[in-house]
């Protein structure tokens, strides 16, 4: 698929209005509820954190491949669906799209549309190369205030 066709497909990520919750708090919410779902203790290498790190590699890939840019109107939705897809890659029993729609504050129909749009943008390839994962971990470590150790393995 051509890049301009992908860019047209990215409009699905743009919300009608700017979310009221700050992005960092929204990401914290996603991680918290993923950890609650998986019954893992929050902190270093929790399920939610692993999904967020892997999800960030999808955001990077969209930017590198298509010049996609995060804005205040799309960042929440993009990170939500990237984290959703990543959770399916890092866990054998991920939460359902219905659970995620409640956590993310969007309808089930919308989350399904966002997931399909993301998969198309990724050319249906949700695997994460080791190098991309290592870059994402390096990017997150300073923001977390602790190092993700031992180094987490990327999914597949």
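The values are calculated or read from the model by the stated rules, or taken from the named source; none is laboratory data. All values derive from a computational prediction rather than experimental measurement. Cβ sites come from the backbone with ideal geometry, for glycine too, and all protein chains shown count toward neighbours.
List of remarks:
- Scanning the range 16-37 for residues that are without any contact (Cβ under 8 Å) to a residue 12 or more places away in the chain and farther than 14 Å from residue 76 by Cβ yields a single hit, 36.
A quick yes/no check of all residues on (1) closer than 11 Å to residue 58 by Cβ; (2) in contact with a helix residue (DSSP H, G or I) (Cβ under 9 Å, 6 or more places away or on another chain); (3) surrounded by 18 or more Cβ atoms within 10 Å (Cβ to Cβ):
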residue: 87; (1), (2), (3): no, yes, yes
residue: 91; (1), (2), (3): no, yes, no
residue: 100; (1), (2), (3): no, yes, yes
residue: 111; (1), (2), (3): no, yes, yes
residue: 114; (1), (2), (3): no, yes, yes
residue: 119; (1), (2), (3): yes, yes, no
residue: 126; (1), (2), (3): yes, yes, yes
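- Where residue 117 falls short, out of the listed (1) assigned to a helix (DSSP H, G or I); (2) free of Cβ contacts under 8 Å to residues at least 12 places away in the same chain; (3) under 15 Å from the mean Cα position of the chain (by Cα): (2)
- As a summary of the residue check, residue 111 satisfies the conditions (1) over 17 Å from residue 90 (Cα atoms); (2) assigned to a helix (DSSP H, G or I); (3) modelled with pLDDT under 85 except for the one numbered (3).
- Candidate set from the range 52-92 (those that are without any contact (Cβ under 8 Å) to a residue 24 or more places away in the chain and more than 14 Å from residue 122 (Cα to Cα)); member that is farthest from the chain's Cα centre (by Cα): 92
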